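Worksheet for the structure shown next.
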Amino acid sequence: MTNGGLESESILKTKIVRPPVRNVVHRTRLYELLDNGTARKLTIVSAPAGYGKTTLVASWLGERSLDHCWVNLGGLDSSAQGLVTYLCAALDRLEKRERSAGPDRWVALLNGLSARRQETILVLDDYHLAESAEVNDLVMLLLEHLPSSAHLVIITRADPSLRLAKLRGQAELVEIRQSDLALTVDEIGAFLKEVSGVALTKDVVRSLSTVTEGWVAGLQILTSSVKGTANPARLIGELVGRQRYLRDYLVEEVLVGLDPAALEFLERCSILERFSADLCDALTGRADSQEVLSAMDRQNLFVSPMDEEHRWFRLHHLFAQVLSARLQHDHPAEIAALHGKASEWFAAHDQPVEAINHCLASGDTAAAAELINRYGEWLMKQGELLVAKKWISSLPGELCGRYPVIMLLRAWAGIEEGRPLEQVEQELDSIGGTDAYEAQVLCLRSYLAGLQGRDAQALKLSERASRMIGEQDLFVRGHAKFRTAVARLASGDSARAIDLLESAAEDSLQAGNLLVAATALAHRGRAMVERGEIDGGGQTYQRALDLMANPGGPRRRFAAWALIGLAEIDRLRGNIDGALELFREGMETSASWLDLNTFYTSLGVVHALLAKGQEADALQALQSADQLARGSIIPLYFTRLVEAHRTLALLRCGRLQEARAHMEGLSARGDPGADVSYVEALVSDLEMLARARLALSEKDARGCIDLALPVALRARRQQRELHALFADIVLVQAYWLAEEIDKATSVLERGLSFAAERGIVQPFVDEGPDLARILYRARALGLDHPSTGKLLAAFPLDQQSRAAAETQPHSVEPLSAREVKVLTLLSQGLSNKEVAAALFLSVRTIKWYTSNIYAKLDVSSRTQAIAKARRLEILPE
């Protein structure tokens, strides 16, 4: 291979210089991929226009200070001779010489690379612009003879037609593609900070991520006007809504290079969110869509594979918008027919969501109603109720009335989106007494009755539905069992409810009713946790979550119940970071509808944030919960829950005056008694504990006991052991404050045993230094429960050390009247047992009093205490 006569002065120097980089985001994860590539022969960086391929490689070379030969192939002839000439020129530039010796530039290139002791990176930028069979052959030859100290990087918009199978098999190839190059949310935030000079909110960053899908050029265009503006966030928000510049870029950089047939193909595919070769054939009338898609995939035409087999593809949504606009302009009369063909294809392949979407887009509402009716049961099983509601709302009312299934779907969706219950009742009335659907209507009516606190009626309706259903109708049978179980749970019959929920889940799973199966398990998990079966509840939550896995897509919305339940278990066990992550995922997954179980548990996020010391965030989360509660269709319970939690949060923040004022503004409710519903008991318990804690903060021990004791007794009677523990923790502190030490230690020992068996830590730690002091003093009195040390270790270190120090004697403090009486009896020579009998107290309580007396008098024995008390005239001589 010869030089071909090109002299050094013929070289375009700009083609062999690494381009400058600006506004570079440090991309550690990609730099590491490039670093790994240097130990191999070839790295290919392949992605559509504007994904920052050149910037990535250039910034990596600069940051790592790597020796390199950079050749930009844009505008060069597609010959091996030209490529070798420019590579040699780049090597000469690296070696700081005019021109390498020797008549054969190819030999000179290889010898020059071999002679270098340092690692050398050869970069071929814009490879797609000069690719030819001759160039590809040269590159393969170069890879074959490349010295071990050299490495080749190819930057391209389209996958090169190189023979790469052998390199892949030998692990000599690193590939960086569009999915790798797309900026993450964090990288977008860093990029925007570099451009605008300010840190933008997560919401603004996420909105840009959604619009651009991490496309670097799109971000650069959107933020080009940001510098120097007074309010970058507002300007970016406006730019997100105006994407004309992005569309212009796509037209200029991509579409002008497409042949008309390919452009027409893509325009028709733009109506699809995802497409396969078979679907494209049906849509376009072609028979070669597989070859077309494979070529476009290789050319990186903003067509991304969605699976490893490259059977399904999607368009970058900005590219799809451009193509859709062109289709509307060039072929408006074809659009309805295209949607109709897509609907037929999806329906034929049992993919109802896409089939119905395209049918509605075609304008054929009658056909759409038929499809919704056909797939109504499937939609209910999958929990796609809000999707169904969106479709149904676009159909004429008289058309919906012809289909009982559609009316059932509309009623279900109405509950989920929080419409007034009276409206939902009216829709159920419109279905009539159709035998085929009467059991489903009864299940819905049972649900509505339960939401309104009419538990007996809810149970009656669900049991009536169960009697109507045949053994083989597992779909409706599972749902009826579920509603019966929930009604029994609401009435306090948790043991039978838990068994029935398991049976409902099994029936529903056999029927393919994923929604009811998973929801039944989530309710079962919650009931088990409330009974104190923490491990079993956690396993049941996980079973529900496993059922709701959605490979390749976001979590199903109703996964929120299980996620939030698992978060609460993490919080109980002191894993606050894990709990907050699960709470966040649960909130993001859930819809606007608030199930009582979900809402009650979700308030745990407030206390998780308080445990982290994030008081402002906790109160903000509580405010958000308040807004959701007031928008609920059953605001009575929800708003009461929020108000009780607000008092608890204010007290934990040390804002006693605000908590007192808040409680004074709420209507006082007494003990609800034994006959109230399960849900009413839950809400009332929390309200009474909030008042009890307020009394405790005001040092009103007796008032606290009078409020907390009925809660503990009722919770145990209803087998709500977890709530009984919460009440016991309050009682321990109140009894201690009232100097009823026997009762305090007895309740404490019971609570420690219950918590230790279940790994529960956080409810104790949340009480702060007061409970830490009680734990230290109780241990000193002989209550040395095996879990006490582990529990104390979970308290913040400053609280531990302060509580430990405060249990040691320091200075003389005034003795209480009871302490003086105990000391008087001791001074008369009575033993602890005799003093206890005289005062009708236990020996443990007398030991507690003597410990207090020693601490206050700064002594360590009875003799010293009596002597010092007499010197201080506390006791007579």
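The values are calculated or read from the model by the stated rules, or taken from the named source; none is laboratory data. These figures come from a predicted structure and were not determined experimentally. Here Cβ is always computed from backbone atoms with ideal geometry, including for glycine, and neighbour counts include all displayed protein chains. Each accessible area value is taken on the protein alone, full model and side chains, heavy atoms only, with ligands, DNA and RNA left out. Shrake-Rupley method; radii C 1.70, N 1.55, O 1.52, S 1.80 Å.
Using the heavy atoms of the protein chains alone and a 1.4 angstrom probe, what is the accessible area of region 721-848 per residue in square angstrom? Don't skip to the end; give the middle numbers.
Details: 5580 Å² over 128 residues.
Accessible area per residue: 44 Å².
Leaving ligands, DNA and RNA out of it, report the carbon-plus-sulfur percent of the accessible area of region 676-730 at a 1.4 Å probe.
Working: 970 of 1690 Å².
Of the solvent-accessible surface of region 676-730, carbon and sulfur hold 57 percent.
Using the structure shown, select from LYS821/LYS847; LYS790/LYS856; LYS699/LYS790; LYS15/LYS166; LYS743/LYS868; LYS743/LYS847 the pairs with a Cα to Cα distance greater than 22 angstrom. Let's see the in-between values first.
Values: LYS821/LYS847 14 Å; LYS790/LYS856 28 Å; LYS699/LYS790 28 Å; LYS15/LYS166 31 Å; LYS743/LYS868 31 Å; LYS743/LYS847 14 Å.
The answer is LYS790/LYS856; LYS699/LYS790; LYS15/LYS166; LYS743/LYS868.
Would you mind calculating the gained length between ASP203 and ASP288 on full extension (0.36 nm times residue separation, minus the Cα-Cα distance), in nm to one decimal?
That pair, ASP203 and ASP288, stretches by 26.3 nm at full extension.
What translational diffusion coefficient, in µm²/s and rounded to a whole number, does the Stokes-Einstein relation yield for region 433-577 at 25 °C and a viscosity of 0.890 mPa s, taking the hydrodynamic radius as the Kirkwood radius over Cα pairs? Write out the running numbers ahead of the final one.
Working: Rh = 15.5 Å.
In µm²/s, the coefficient is 158.
In nm, to one decimal, how far is the modelled label at GLN657 from the one at ARG802, with both set 7 Å along Cα→Cβ?
In this crude label model, GLN657 to ARG802 measures out at 2.1 nm.
With every atom except the alpha carbons ignored, what do you get for Rg and Dmax of region 65-195, in angstroms?
Cα-based Rg and Dmax for region 65-195 come out at 16.5, 53 Å.
Tell me, what is the FRET efficiency for SER393 and HIS349 to the nearest 0.05, using R0 = 30 angstrom and their Cβ-Cβ distance as r?
Values: r = 26 Å, r/R0 = 0.87.
Between SER393 and HIS349 the formula returns 0.70.
Please give the net charge around VAL642, taking every other residue with its beta carbon less than 12 angstrom from that of VAL642, where Lys and Arg add +1 and Asp and Glu add -1. Before the final figure, lay out the partial values.
Working: positive: ARG630, ARG640, ARG646; negative: ASP626, GLU643, GLU687.
Once all neighbours under 12 Å are counted, the net charge is 0.
Please compute, for the alpha-carbon atoms of region 342-416, the extent along each of the three principal axes and give them in descending order in Å.
32, 26, 16
Tally Lys and Arg at +1 and Asp and Glu at -1 over the other residues with C-beta under 10 Å from the C-beta of VAL185: what net charge comes out?
Working: positive: LYS202, ARG206; negative: ASP186, GLU187.
Once all neighbours under 10 Å are counted, the net charge is 0.
Rounded to the nearest percent, how much of the accessible area of region 829-877 (1.4 Å probe, protein heavy atoms only) is carbon and sulfur? Provide the component values of the computation, followed by the final result.
On the way: 1460 of 2720 Å².
The C+S portion of the solvent-accessible surface of region 829-877 is 54 percent.
Starting from the Cα of LYS612, draw a straight line to each of the aspartates and glutamates and keep only those under 19 Å, dropping any in the same chain fewer than 8 residues away.
Once the sequence-local aspartates and glutamates are set aside, what remains near LYS612 is GLU568, ASP570, ASP577, GLU581, GLU585, ASP766, GLU767, ASP770, ASP798.
Check the straight Cα-Cα distances from LYS390 and name the lysines below 18 Å, setting aside those fewer than 8 residues away within the same chain.
Once the sequence-local lysines are set aside, what remains near LYS390 is LYS381.
Which percent of the accessible heavy-atom area of region 290-414 goes to carbon and sulfur, probe 1.4 angstrom? Before the final figure, lay out the partial values.
Working: 2720 of 5460 Å².
Roughly 50 percent, rounded to a whole number.
How much of MET407 can a 1.4 Å solvent probe reach, expressed as accessible area in Å² and rounded to 10?
Here the residue's solvent-accessible area equals roughly 10 Å².
What is region 384-510 by shape, rounded, prolate or oblate, if you read a ≥ b ≥ c off the alpha carbon gyration tensor as root eigenvalues and call it rounded for a/c under 1.5, prolate for a/b larger than b/c, and oblate otherwise? Let's see the in-between values first.
Numbers: a/c = 1.93, a/b = 1.59, b/c = 1.21.
In terms of gyration-tensor shape, prolate.
Per residue, how many Å² of accessible area does region 332-385 show with a 1.4 Å probe? The partial results should precede the final answer.
Values: 2270 Å² over 54 residues.
Roughly 42 Å² per residue, with all protein chains present.
Show me 346-356, 604-614 ranked by packing, highest mean number of other Cβ atoms within 10 Å first.
Details: 346-356: 17.7, 604-614: 20.4.
Highest mean packing first, the order is 604-614, 346-356.
As a test of understanding, state the convex hull volume per residue of region 103-173 from its alpha carbons, in Å³.
Per-residue hull volume (Cα only) is 97 Å³.
Would you please give the FRET efficiency between GLU175 and SER753, computed as 1/(1 + (r/R0)^6) with r the Cβ-Cβ distance and R0 = 51 Å, to the nearest 0.05? Walk me through the numbers on the way to the answer.
Details: r = 58 Å, r/R0 = 1.15.
FRET efficiency, GLU175 to SER753: 0.30.
If you count only protein heavy atoms with a 1.4 Å probe, what accessible area per residue comes out for region 39-174, rounded to a whole Å²? Before the final figure, lay out each step's value.
On the way: 5420 Å² over 136 residues.
I get 40 Å² per residue for region 39-174.
Using a simple charge model, +1 on the beta-carbon of Lys and Arg, -1 on the beta-carbon of Asp and Glu, nothing else, what dipole does region 739-791 show about its Cα centre, in debye to the nearest 20?
On the way: 7 positive and 9 negative charges, 38 e Å.
For this selection, approximately 180 debye.
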